[in-house]
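Asker: Got a structure for you, written out below as structure tokens; questions coming shortly.
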């Protein structure tokens, strides 16, 4: 299942860091962050709990980029 | 500017004023150091915080870390002004970058300003504005002059002209009348129309297009991925190199019995760190691609990802489908050849005889005739399938059909020299001439092929299911290099496979089709371009690049945009890396000081970003 979230991030390198961090979260098959459109596209693994996974993604992203925001 | 950006701006101004004031004061020693700490913290507290958090989380070697180490180091060495200045310029650079990106994002969304805010529905005799999302298919909506058409549908009442430029880049307004299909995202110009919606908002053209453009930057190009990978190795490498620069020469000096000069080498190492920041590359490359894609969409060319823009720029082979791509796919009377009568009479007989038929060929005859047909004058119509018709028109027996029909009736027709479908006409058993009906080549098709050649395409090839005679004639008129005719849909895929196997690896193959029946070929080619896709979901799905109108010259335009974008990308990569390596070398040798380092970092980034925003401009291509 794929879903797109609006995000807020200040620099291209930070967006890359968020992407790397999100990819490592369990339940995520793939993640892409576009700094340009300020969007995060998540491909969930099957049977993943969406809201649980997303709060884990937010936590992981905050760790690498304290200023970032994901509108879940 | 956003609230966040304004805050940074105020901090920059405050810090700059403080720096100037403190530099003017005749102070020495620790008081000067303490005073310089104030602007330093004002401008750099968030960077320091992020650097510390990064170290705690094991995320060292990012720009925050580079900047923190470089500036703290400079402060420790007593280079207060330089330390604060590096932080200040770094922040100016970051602010500029975020402003520039925000600005081009806004420009692109303005270009793509097709999202309708509301739909008008009639409720109890009054117009009410509702969210387009809430309108179900089959509802009647009202579009007033000046408003955007919010949903796809069919006009049920009224007539008007539409501005489709936001979708197609085409500036000539289009007339629509009751019964015509209407596509969301167009602007209604003149009259009020009632539209019966056929699709829900999320299925409507406008939603599909917005979705496509917004997701395009998710598909990253090879150059973008290269930079990401590059940055991953580059930053740690530079950090270790700086460490080596700070430690090795002084230790060697000590071992050789010379003065160690620790301060000098540490200072060089810090300069090294400031220069090395990879921001210019990391930001300017996605920005260029984004600009190119945005600029293209303003001209009615939708590109589904940066990677496709990159492949398009490398295309050396362009393969076309014929019908609907290079030709209009509609039949038209292209030649009238009367014998023993005049053109108008011949056309009139043909149109009357065929007046009851709904065949596309009959339709084209009626269209060419152009006047209304009095069907009371036509009687006793007989259709001979695969041959033609006979009818009694104003008391004359008219035969209209192919050679076989004529021969069956013992009439000898002439042999036409043109290409296309021939309709012979006989009146009361005597031959009066023929009409030639053929598919018409699009006006800009020949220009398009020429432009593609000029843009550096090596080979243009046409594939078609049509007869060899027709295909060869079209290919000759347009100046195509190669033509393969009488192909079944499966043969087209085989033909593409063959061309793919023969062409050099580096030159990519683009296939251009109208999205109907050629989805397998579109996906097999390195890059699939679908044209005339307004409203065709299948084409939007199957292709990598979608041309909103059916003008083939847009292919050459798309290619020019892609080449320009890639040129900007390479310019930035080469420029940024060349300046950085030069400055790194000079920094290591002690020739470049902290001020040069600031230019190498912030200056290069600003120049690269400004260069990247050029990709958005596609007006003069």
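Asker: Working only within the stretch B:111-120, note down all residues that are away from chain A (no Cβ under 12 Å) and in contact with a helix residue (DSSP H, G or I) (Cβ under 9 Å, 6 or more places away or on another chain).
Answerer: Once the filter is applied, which keeps residues that are away from chain A (no Cβ under 12 Å) and in contact with a helix residue (DSSP H, G or I) (Cβ under 9 Å, 6 or more places away or on another chain), the stretch B:111-120 yields B:111, B:113, B:114, B:115, B:116, B:117, B:118, B:119.
Asker: Could you list all residues from the stretch B:564-602 that are surrounded by fewer than 16 Cβ atoms within 10 Å (Cβ to Cβ) and either out of contact with any helix residue (DSSP H, G or I) (no Cβ under 8 Å at 6 or more places or on another chain) or in a helix (DSSP H, G or I) (or both)?
Answerer: B:567, B:570, B:574, B:578, B:581, B:582, B:585, B:589, B:591, B:595
Asker: Within the stretch B:606-620, which residues are touching a helix residue (DSSP H, G or I) at 6+ places or on another chain (Cβ under 9 Å) and modelled with pLDDT under 85?
Answerer: B:616, B:617, B:618, B:619
Asker: Kindly indicate whether any position in the stretch B:182-190 is under 27 Å from residue B:307 (Cα atoms) and within 14 Å of chain A (Cβ to nearest Cβ).
Answerer: Checking the stretch B:182-190: not a single residue is under 27 Å from residue B:307 (Cα atoms) and within 14 Å of chain A (Cβ to nearest Cβ).
Asker: For a quick check of your reading of the model, give me the residue pairs whose first member lies in the stretch B:60-89 and is under 28 Å from residue A:17 (Cα atoms), whose second is not in a helix (DSSP H, G or I), with beta-carbon atoms closer than 7 Å and at least 6 apart or on different chains.
Answerer: Qualifying pairs under 7 Å: B:63/B:277; B:66/B:277.
Asker: Could you identify the single residue in B:88, B:95 that is within 14 Å of chain A (Cβ to nearest Cβ) and either in a helix (DSSP H, G or I) or over 24 Å from the mean Cα position of the chain (by Cα) (or both)?
Answerer: None of the other options fit; the residue is B:95.
Let's see how each residue does on (1) touching a strand residue (DSSP E or B) at 6+ places or on another chain (Cβ under 9 Å); (2) at negative phi; (3) surrounded by fewer than 18 Cβ atoms within 10 Å (Cβ to Cβ):
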| site | (1), (2), (3) |
| --- | --- |
| B:370 | no, no, yes |
| B:391 | yes, yes, no |
| B:427 | yes, yes, no |
| B:430 | no, yes, yes |
| B:454 | no, yes, yes |
| B:474 | yes, yes, no |
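Asker: If residue B:486 satisfies all but one of (1) in contact (Cβ under 8 Å) with a residue 12 or more places away in the chain; (2) part of a helix (DSSP H, G or I); (3) more than 18 Å from the chain's Cα centre (by Cα), what's the number of the condition it fails?
Answerer: Only one criterion in (1) in contact (Cβ under 8 Å) with a residue 12 or more places away in the chain; (2) part of a helix (DSSP H, G or I); (3) more than 18 Å from the chain's Cα centre (by Cα) is unmet by residue B:486, namely (2).
Asker: Condition test on residue B:500, is it modelled with pLDDT of 90 or more and assigned to a loop (DSSP other than H, G, I, E, B)?
Answerer: No, not satisfied.
Asker: State whether the residues of the stretch B:198-214 include one that is in a helix (DSSP H, G or I), over 30 Å from residue B:281 (Cβ atoms) and at pLDDT below 80.
Answerer: yes
Asker: Let me ask another. Criterion first (in contact (Cβ under 8 Å) with a residue 60 or more places away in the chain and either more than 14 Å from chain A (Cβ to nearest Cβ) or surrounded by 14 or more Cβ atoms within 10 Å (Cβ to Cβ) (or both)) does residue B:123 satisfy it?
Answerer: no
Asker: Taking the residues in the stretch B:50-65 that are in a helix (DSSP H, G or I) and within 10 Å of another protein chain (Cβ to nearest Cβ) as candidates, determine which candidate is modelled with the lowest pLDDT.
Answerer: Taking the candidates together, the pick is B:63.
Asker: Also, I was wondering about something else. Looking at B:160, B:178, which one is surrounded by fewer than 18 Cβ atoms within 10 Å (Cβ to Cβ) and more than 12 Å from residue B:204 (Cβ to Cβ)?
Answerer: B:178
Asker: Looking only at the stretch B:312-324, count how many residues are in contact with a strand residue (DSSP E or B) (Cβ under 6 Å, 6 or more places away or on another chain) and at pLDDT 85 or above.
Answerer: Result for the stretch B:312-324: 8.
Asker: Let me ask something additional. Tell me, which residue of the stretch A:30-41 that is in a loop (DSSP other than H, G, I, E, B) and in contact (Cβ under 8 Å) with a residue 12 or more places away in the chain is farthest from the other protein chains (Cβ to nearest Cβ)?
Answerer: Out of the qualifying residues, it is A:38.
Asker: Further, regarding this structure: Could you check how many residues of the stretch A:20-29 are closer than 23 Å to residue B:290 by Cβ, more than 10 Å from chain B (Cβ to nearest Cβ) and in contact with a helix residue (DSSP H, G or I) (Cβ under 7 Å, 6 or more places away or on another chain)?
Answerer: 1
Asker: To continue, here is another question. If you take just the strands (runs of 3 or more DSSP E) that sit entirely in the stretch B:129-170, which of them hold at least 1 residues that are touching a strand residue (DSSP E or B) at 6+ places or on another chain (Cβ under 9 Å) and more than 17 Å from residue B:189 (Cβ to Cβ)?
Answerer: So the answer is B:140-143, B:153-157.
Asker: Could you run through the stretch B:205-237 and say how many residues are away from every other protein chain (no Cβ under 13 Å) and in contact (Cβ under 8 Å) with a residue 60 or more places away in the chain?
Answerer: 7
Asker: Tell me yes or no: at least one residue of the stretch B:18-25 is touching a residue at least 60 places away in the same chain (Cβ under 8 Å), surrounded by 18 or more Cβ atoms within 10 Å (Cβ to Cβ) and more than 14 Å from chain A (Cβ to nearest Cβ).
Answerer: yes
Asker: Which number in (1) farther than 20 Å from residue B:219 by Cβ; (2) free of Cβ contacts under 8 Å to residues at least 24 places away in the same chain marks the one condition that residue B:530 misses?
Answerer: (1)
Asker: I would also like to ask the following. Restrict the check to the stretch A:1-13 and report whether at least one residue is over 9 Å from the mean Cα position of the chain (by Cα), within 12 Å of chain B (Cβ to nearest Cβ) and in a helix (DSSP H, G or I).
Answerer: Yes, because at least one residue in the stretch A:1-13 is over 9 Å from the mean Cα position of the chain (by Cα), within 12 Å of chain B (Cβ to nearest Cβ) and in a helix (DSSP H, G or I).
Asker: Just the residues that are at pLDDT below 85 and loosely packed, with under 13 Cβ neighbours inside 10 Å, please, taken from the stretch B:233-283.
Answerer: Those that are at pLDDT below 85 and loosely packed, with under 13 Cβ neighbours inside 10 Å: B:233, B:236, B:257, B:258, B:259.
Asker: Checking the conditions here, which among B:273, B:255 is under 52 Å from the mean Cα position of the chain (by Cα) and more than 22 Å from residue A:15 (Cβ to Cβ)?
Answerer: B:273
Asker: If you don't mind, another one. Of all residues in the stretch B:26-49, how many are away from chain A (no Cβ under 13 Å) and within 15 Å of residue B:74 (Cβ to Cβ)?
Answerer: Qualifying residue count, the stretch B:26-49: 9.
Asker: On to the next question. Can you find even one residue in the stretch A:47-55 that is in a helix (DSSP H, G or I), buried (at least 22 other Cβ atoms within 10 Å of the Cβ) and more than 10 Å from chain B (Cβ to nearest Cβ)?
Answerer: Within the stretch A:47-55 (the criterion being in a helix (DSSP H, G or I), buried (at least 22 other Cβ atoms within 10 Å of the Cβ) and more than 10 Å from chain B (Cβ to nearest Cβ)), the answer is yes, since at least one residue qualifies.
The values are calculated or read from the model by the stated rules, or taken from the named source; none is laboratory data. Because the structure is predicted, anything quoted here is derived from the model rather than measured. Please note: Cβ atoms are built from the backbone with ideal geometry, for glycine as well, and neighbour counts cover all protein chains shown.
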